[in-house]
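Accompanying notes for the structure given below.
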Amino acid sequence: MSNSMSQPLHSRPNHAPPPELYRNARTGERAELAVDIRGLIKDYGGFRALRGASFNLQAGEVHALMGQNGAGKSTLIKVLAGVESATGGEVRIFGELKSFRSSADASRAGIAVVYQDLSLIPGMSVADNLLLGREPTGPGGLIRRSAVLTQAKEVLDSYGFKIDPRAKVEDLPFAYKQLTEIAKALMSDARILILDEPTSALTEDEEEVLFGAVRQVVERGVAVVYVTHRLNEVFKLCNRVTIIRDGVTDGTYNTNELDMRGLAAAIVGSNAVPDLLTEPVVSSQPRPASAVLGEPAIELSNVSADSFSDINLRVDRGEVVGLAGPLGSGRTEILELMFGLRKVTSGQMRLYGAPVRFRSPMEAIANGVGLVPEDRHAEGLVLSHSIDRNVAMPALPRLSRCGAFLRRRSFSRSAAAIRELSIKAESVNTVLSSLSGGNQQKVVFAKWGDPRCKLLLLDEPTVGVDIGAREEIYREIRSAAALGSGVVVVSSDLSELLLLCDRIYMVNNQTIQGEAVRSEIRGEEDLHHRIHQSIDTPQRKSS
């Protein structure tokens, strides 16, 4: 990398970009503009979400679109995808002026989108979702089931996606659902592919598989818009990056002219970028020690449940413990076990020294256990409800008296959470669906702040969260540990585990294969190696 902060190729552009921009950032050859957006305006009532944003995308490139939560990225994508209509400005697709009235219009123009909110049909198989509406048929128009499975398997194998085409989508881990949605988009004849946070729950290995698939379609001339909050992905995959801030395009850069700190500064609008935002990606800087009290918050001794066997795990009060492993290893399921979503069939689980065997999440909550789930939309929030209603849900018994809801007490509690977590919202009555992804995630954390949890379980805690909000979430996690809570973190981001955790358990084959103290781990490569060692090790009892 050259300068920490290079000059943008164009900044706040409301007129045509310079001619050199039309050379493909990947090959250096003259390139056709797949997308040319100029002066885009989008109003929602009295709020202007886009204020003259501009963006262009070349055929055969991967172009990152970045910015803090609420900057306008999602709005720009929705206009491009036909989900929203622009208030003003121009959108040209391969030179033709377009004004999409629906997502079907955008699809006919060759645009495919993979959103964070997946559009799969849960009760159908992976194969049926992939070939929905284009199933191979035989005599009489009957669907040829064997051909559906064969074609789906060929597509999944061609991109290296290790997913059983016969599996029901509703039974898949969230990360496999993401890959299925991506495979569906890759199967289309799209000339423009938009990927919105596609690696949010993928491990490093699965991330590389996805990157390989994206490179395949780019080689065919497909133009890719890549929305992410993970800075390191931009340098691994993308040719250019455009920063959106406050509804305006703030600059476009060649990635080979930026470094990590320069990119972070471009996003947050300051050169004073905290090390916390950049160092985990590029080094293994030691994390501050938690206030470990040496007393167990939770202990699992030879616990078995469903497909699990002999899980042994201990998290002390004030300690942050990580669970690392590949997709399908059992990381999420161990959290579900401690939250009462899975039934313990044998062994013993102790919370603060007392034997427990939760029959439901309500029992776990009543005993001081909180869970931030991997899929906040499906499992963590009710998007049609207000901040106050969402924050109140786990505490309803404490916020009710003689069957009456104590609204004033609830409002006070929610307002305190908004202040503490810097949630950007007009009031406690703001509906969740109107908030950015980062602010929605903060609301999930707010549910468990009062009373403080004895045990806080976190599954991919910074999915879809910008670097500024991530810093605030990290502080919240450390604050919980400092106040004596036990914290368990599942994350596909190895740098995040190294940044947060005192100890890390390696999970594979539905059991724990080993553990390491953070001070023993020499950076991401070492942790990645330890995870792979656990994969290659024959299944054994955890210890």
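Just so it is clear, none of the values below were taken in a lab; they were calculated from the coordinates. Since the model is a prediction, treat every value here as computed from it, not as a measurement. Heads up, the Cβs are rebuilt from the backbone with ideal geometry, glycines too, and the neighbour counts pull from every protein chain shown.
So the values come out like this:
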read-out: Highest to lowest packing among 512-520, 67-75, scored as the average C-beta count within 10 Å; value: 67-75, 512-520
read-out: Trypsin sites (Lys or Arg not before Pro) within region 322-376: DSSP coil, no more than 14 neighbouring Cβ in 10 Å; value: 343, 357, 359
read-out: Full-stretch length increase - residue 385, residue 51 - with 0.36 nm per residue and alpha-carbon distance subtracted; value: 117.4 nm
read-out: Above-threshold pairs, the threshold being 31 Å between Cα atoms, out of 343/454; 177/236; 73/184; 162/424; value: 162/424
read-out: Region 165-270 - share of DSSP beta bridges that are antiparallel (%, nearest 5); value: 55 percent
read-out: Förster-model FRET efficiency, 41 Å R0, residue 162 and residue 254, C-beta, rounded to 0.05; value: 0.75
read-out: Aspartates and glutamates whose Cα lies under 16 Å from that of residue 168, excluding same-chain neighbours fewer than 8 positions away; value: 128, 181
read-out: Solution diffusion estimate, µm²/s, Stokes-Einstein, the chain, Kirkwood Rh from C-alpha pairs, 20 °C, viscosity 1.002 mPa s; value: 87 µm²/s
read-out: Neighbour-count order for 503, 92, fewest beta carbons within 10 angstrom listed first; value: 92, 503
read-out: DSSP-defined beta bridges in region 432-543 - what % are antiparallel, rounded to 5; value: 55 percent
read-out: Filtered trypsin sites (Lys or Arg not before Pro), region 199-236: DSSP coil and at most 14 other beta carbons within 10 Å; value: 220
read-out: Under Karplus coefficients 6.51, -1.76 and 1.60, residue-wise ³J(HN,Hα) of region 347-353 in Hz, glycine/proline x; value: x, 10, 10, 10, 10, 6, x
read-out: Cα gyration tensor category, rounded, prolate or oblate, for region 468-514 with a/c compared to 1.5; value: oblate
read-out: Size of electric dipole in the chain: Cβ of Lys, Arg +1 and of Asp, Glu -1, about Cα centre, debye, nearest 20; value: 1540 debye
read-out: Considering only the chain, percent of DSSP beta bridges that pair antiparallel, nearest 5; value: 60 percent
read-out: Order of 42, 98 under a 10 Å beta carbon neighbour criterion, fewest first; value: 98, 42
read-out: Extreme residue, positive dipole direction of the chain, given options 149, 176, 386 (C-beta unit charges); value: 386
read-out: Gap separating the Cα centres of region 494-532 and region 162-227, nearest whole Å; value: 26 Å
read-out: Helical contribution to [θ] at 222 nm, DSSP H n ≥ 4, -39,500 (n - 2.57), averaged over the chain, rounded to 500; value: -9000 deg cm²/dmol
